[in-house]
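The next block holds one structure in the form of structure tokens; read it before the comments.
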Amino acid sequence: MAEPHSSSHEHKQGFWRTYWFSTDHKVIGIQYGITALLFLLFGFGLMLLMRWQLASPGVEIPLLGALTPEMYNQFGAMHGTIMVFLGIVPLAVGAFGNYVVPLQIGAPDMAFPRLNMASYHFFFWGGVVMLASFFVPEGAAKAGWTSYPPLADIETMGQTMWLWGMVLLITSSLLGAVNFITTIIQLRADGMTFFRMPFFVWAQFITAFLLLLAFPPLEAAGFLQLADRLLDTSFFLPSGLVTTDGPLEVAGGGSPLLWQHLFWFLAHPEVYVLILPAMGIVAEVLANNTRKPLWGYRLMVYSLIFLGFMSFIVWAHHMFITGMGTAISAFFQVTTMIISIPSVVILSALFITLWGGSIRFTVPMLFALGFLPMFGFGGLTGLPLGLAPTDIPLHDTYYVIGHFHYVVAPGTILAMFAGIYYWYPKITGRELNNTLGHIHFWGSIVSMNVIFFPMLIQGMAGVSRRLFDGGHTYSFSEGVMHYNVLMSVAAFALLAFQIPFLINFFMSLKRGRKTTRDNHWAATTLEWSATPTPPVPHGNFETVPTVYRGPYEYSVPGHATDFLSQDEASPPAAEAVAAEELVEA
Amino acid sequence: MSLQIPYEVTPRLDTGVNNAKLGIWLFLASEIMLFGGLFAAYVFLRMGADAWPGLEIYGTGEMATRADQILNVPLATLNTMILIASSMTMVMAWASLKMDNFSRYKLYMGITILLALGFLVVKAIEYGDKFDHHLYPATNNFLGVYFVLTGLHAIHVTGGIIVNAWFWGPGTKMWTQGTARDKAHFANRIEIAGLYWHFVDLVWIFLFPTIYLI
């Protein structure tokens, strides 16, 4: 190993080493971000094809022709898989976590830079396998993103590809989680105690534990399903199963319910993997743009820890109608009601943070403000699904789709956009255009609501979530079928409102106004106050920062500016004045 | 790689560990969840089964009532001994490095690898015997659990052999040609590989009674 260089010394490395096989967490973060955004766009495209079909069943799509039921099922299953595992998680954790966490804790890089690189490449190839599955005989997986057996066990080859893709993605997230936890515990700068870490770092910390401990049981389930498909075992196949091809020739004796338990043991914590980093981003943006400390920082951290713990014992609320028994249902609906408390605490704390702030309505702040009511609404619509008596009629209807999408689309995705608008100047050294940002925000939030709110109405009317023709088969759903056109138009409008974002994102790289100072938003956390823009490659800081205070010291009385950075050794005079003022008050 | 990550070799004072030590424990925690999921699946399937193991004893036509009437307990006992012995030689290999005795390290690490290979040979004999009697993973869920759980464990053993073989062969350059810091780093790596190896051993110690004996 070469002797340590000064961190500002820049190395000349080849193209591949700099941009593709980089070990710099910032480059890996950008790789994750761009790949994830492309997957989000692709997954969104699948959904647009489905919405075309739902609004006008059987009408031919230009270039593609009329959708067949098989294609519709493939698109549905892959939309869910791609959005969750290849879009939002890599964006929230892989991109923002990778780029921001080491900077915010004052670390030169992640603890294991080469594992970090491996993690991206496992993710990338997992994505390639998922995409390739569209081209195998009879196409991609068709059993839904949940891959419930027995259907998934007897599915075509695409399902096997889905399982191998998941194994790669799980490996990627395992390497990432080990890396994040080790980095946060080991590489905090001098003075960066746990309770001086920005809330975003806390959110990533708890998220990493969820990824570390919840994913392996799904991997176990994945191996069992692979064995069912490739070795003809019957872990998930009950005896006496009959398909359209006649009785199934397997030993039987297995249990489809077993898959559901193992799947949801992952997939419920996964929901919090989707939402916690979003809360972290919103917390950063709110504190910065209200110019005051987060309200109840410690309370929020304790809620986060409690929430992470509870998320492991609520999984069976997805399974109330499987006949697993009322005693088990009772247990899981109690834990589900309990877990809503820390979520409400965090959301309330974020709302109270607004109180008395001198709010700057910047574009990231708009997205963060949009997140608050939308996530709240998503959470509230979830309550009827967490209680068995109300869940039974709503299960597997569009209500579930509406609820879930309120949490992740106008919830998490708005927060992701807040993060992009907030950290873009640090990453590129240029500002994003304000007007295009406003068009993007208002267009997106309105069209998202027009897409998802009617789903709740359709769901309460009893329309099932998986119907190829959107529900025309059943006469009872005729009363709510006209919403399908409205929702589909709104979905295409949502696509149109992403165009200003894309233009903004790429044009600003070259044409955006250059930022005039390293600390563009006048923020207190280390990624803004202690690094140049963009941060030093391979090492981050010109001098390693020392941390003197908590993360959100905005508007400190007596201080010359309205923010006091974490690494600023405050002049004693100012402290004394502040103390005097406090005494007088 | 020009960048030095802090606490790569020496422990951080307030946490008391270096990065790799923390990392491997986190990895092992996730491995516990993986095998935990599989053990849970085993319990779930067995509780729901009509009969367990649900197979005839070879050649007698009688239904087996216990797993040991189907599976080869003496061979599995031998394998348990082999793995425990290899865990001991693994510790001795690390201890030899700590005492700066490189040739003894090579000896103990070599024995560890040979024992692990022996474990796989015994496993192969066991599997072959099952196939000869037309007992396959698809036969029933008892055999499915047996093959998938022991198979996944055997993959972990194979992974350990690859890592240990690297540290026995080409990886030793770090010790033989390195500075004092590199030597300390190498010894740490053997400790980490050892932690993984003991975990693989421990998984077998749980697998043996749950699958073969009860």
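What follows is calculated from the coordinates using simple rules that are stated; it is not laboratory data. Fair warning: this is a prediction, and the values are worked out from it, not measured in the lab. All Cβ positions, even for glycine, are placed from backbone atoms using ideal geometry, and neighbour counts span all protein chains on display.
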Looking at the range B:35-129, which GluC sites (Glu not before Pro) are in a loop (DSSP not H, G, I, E or B) and have at most 13 other Cβ atoms within 10 Å? B:Glu62
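Provide A:Met374, A:Met130 in ascending order of the number of other Cβ atoms located within 10 Å of each residue's Cβ, fewest first.
On the way: A:Met374 23, A:Met130 26.
Arranged by neighbour count, lowest to highest, A:Met374, A:Met130 become A:Met374, A:Met130.
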Could you tally the net charge around A:Leu262, taking each other residue with its Cβ under 15 Å from the Cβ of A:Leu262, Lys/Arg +1 and Asp/Glu -1? -4
³J(HN,Hα) across the range B:32-41 via Karplus (A = 6.51, B = -1.76, C = 1.60, θ = phi - 60°), whole Hz, x for Gly/Pro? 4, 5, 5, 6, x, x, 5, 5, 4, 4
Proxy exposure order for A:Arg51, A:Arg517 (fewest C-beta within 10 Å first) is A:Arg517, A:Arg51
Pull out a ≥ b ≥ c, the square roots of the eigenvalues of the alpha-carbon gyration tensor of the range A:247-370, then state rounded if a/c is under 1.5, prolate if not and a/b is larger than b/c, and oblate in the remaining case. prolate
Can you give the charge dipole size of chain A about its Cα centre, rounded to the nearest 20 debye, using +1 on the beta carbon of Lys and Arg and -1 on the beta carbon of Asp and Glu? 960
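Give me the net charge of A:Leu304's neighbourhood, meaning all other residues with Cβ under 15 Å from the Cβ of A:Leu304; Lys, Arg count +1, Asp, Glu -1. Numbers along the way, then the final one.
Values: positive: A:Arg298; negative: A:Glu284.
Here the charged neighbours net out to 0.
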Net charge within 11 Å of A:Tyr552 by Cβ-Cβ distance, Lys/Arg positive one each and Asp/Glu negative one each, not counting A:Tyr552 itself? +2
Using only Cα atoms and rounding to the nearest 10 degrees, what angle (0 to 90) does helix A:157-186 make with the longest principal axis of chain A? 20
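If you average 1/r across every pair of different Cα atoms in the range B:81-214 and take the reciprocal, what Kirkwood value do you get, in Å?
With all distinct Cα pairs of the range B:81-214 included, I get 16.0 Å.
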Within the range B:185-214, list the residues whose amide N lies under 19 Å from a label point set 7 Å along Cα→Cβ of B:Tyr127. B:200-201, B:203-205, B:207-208, B:211-212
Which cross-chain or sequence-distant (5 or more) residues have an amide H under 5 Å from the amide H of B:Glu56, H modelled 1.01 Å from N in plane? B:Ala64
If I fit a long axis through the Cα atoms of helix A:414-428 and take the longest principal axis of the Cα atoms of chain A, what angle between them do I get, 0 to 90°, rounded to 10? 40
What number do you get for the range B:6-142 when its Cα radius of gyration is normalised by 2.2 N^0.38 Å, N = residues? 1.49
Taking only Cα atoms of chain A, the Rg to Rh ratio with Kirkwood Rh works out at 0.98
In whole Hz, with x marking every Gly and Pro, tabulate ³J(HN,Hα) for the range A:16-22 from phi via Karplus 6.51 cos²θ - 1.76 cosθ + 1.60, θ = phi - 60°. 4, 5, 7, 10, 10, 9, 7
Can you tell which of B:Ser103, B:Thr80, B:Val148 lies farthest toward the positive end of the dipole of the range B:76-164, using +1 and -1 charges on the Cβ of basic and acidic side chains (Lys, Arg; Asp, Glu)? B:Ser103
If I fit a long axis through the Cα atoms of helix B:180-207 and take the longest principal axis of the Cα atoms of chain B, what angle between them do I get, 0 to 90°, rounded to 10? 10
Once you place label points 7 Å from the Cα toward the Cβ at A:Thr546 and B:Ala51, how far apart are they in nm? 7.6
Within the range A:473-504, chymotrypsin sites (Phe, Trp or Tyr not before Pro) in DSSP loop having at most 15 other beta-carbon neighbours inside 10 Å: A:Tyr474
How would A:Glu478, A:Glu270 line up from fewest to most surrounding beta-carbon atoms within 10 angstrom? A:Glu478, A:Glu270
Descending principal axes extents, the range A:139-260, alpha-carbon based, whole Å: 68, 28, 21
To the nearest Å, what is the center-to-center distance of the range A:292-315 and the range A:461-523, using C-alpha atoms only? 30
Diffing the range A:238-255: the Karplus 3J(HN,Hα) column from phi (6.51, -1.76, 1.60, θ = phi - 60°), in whole Hz with x for Gly and Pro, holds x, 6, x, 7, 10, 10, 5, 8, x, x, 7, 8, 10, 5, x, x, x, 9
Taking a point 7 angstrom from the Cα of B:Asp68 along the C-beta vector, which residues in the range B:170-214 have backbone N less than 18 Å away? B:205-214
